[in-house]
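Quick note: the coordinates plus some simple rules give every number you see, no bench work behind them. Treat the numbers as computed from the prediction; the structure is a model and nothing was measured. A quick note on method: Cβ atoms are made from the backbone with ideal geometry, for glycine too, and the neighbour counts reach across all protein chains shown.
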Amino acid sequence: MRSRKLLLLAIACTWAMGASAQWQWVDKDGRKVFSDRPPPQDVPEKNILKQPHTLGRAAPAAAPASAAAAPQISGKDKQLEDNKAKADAAEAAKKKAEEDRMARARADNCARAKRAKAALAPGQLVGHVNAQGERGYMDDATRAAELRRADEVIASDCR
């Protein structure tokens with residue numbers, strides 16, 4: 001059991017070895033700079049305070065060669081652009097569906113208002129149920145108010 005703990009401790013200690021591969025130098029303004037990449041070529045050797053033990057000063061010269069061999073990055077992520085296009089298309093479809101739903105609701109309101117206006121034609125008795133649940137007939141003032149309300153709905157929803 002004790003040997004397992006020692007093994008785990010040794011693994012944990014070697015895990016931090018990557019942190020020792022750090023560069024430290026003083027830039028032209030006198031600030032200390034810490035990085036995992038070598039300093040620029042214009043930094044004099046005397047300003048380099050710490051460098052990884054496995055790499056020498058020749059490492060910066062090798063870095064541009066590997067960068068030149070790497071493919072050029074256009075600055076745009078194709079997958080990100082595709083995802084954005086899909087999200088925009090989904091948003092547009094959602095907006096269109098909402099507009100269609102609202103158009104159907106307006107058409108339904110228009111049809112109901114036209115039927116109500118036809119049913120409220122003068123000269124006919126129109127029955128209704130009041131707030132207490134009693135049946136009765138509309139008087140002329142109530143009929144005129146209902147006709148005005150139907151006309152407003154027709155004006156707003158029947159285009």
Fill in the blank from the handout: Given 135-146, 89-100, the highest-first ranking by average Cβ count within 10 Å works out to 135-146, 89-100
Practice task
Please give the length that would be gained between Met1 and Arg101 if that part of the chain were fully extended, namely 0.36 nm times their separation in residues minus their C-alpha to C-alpha distance (nm, one decimal).
Solution key: 29.1 nm
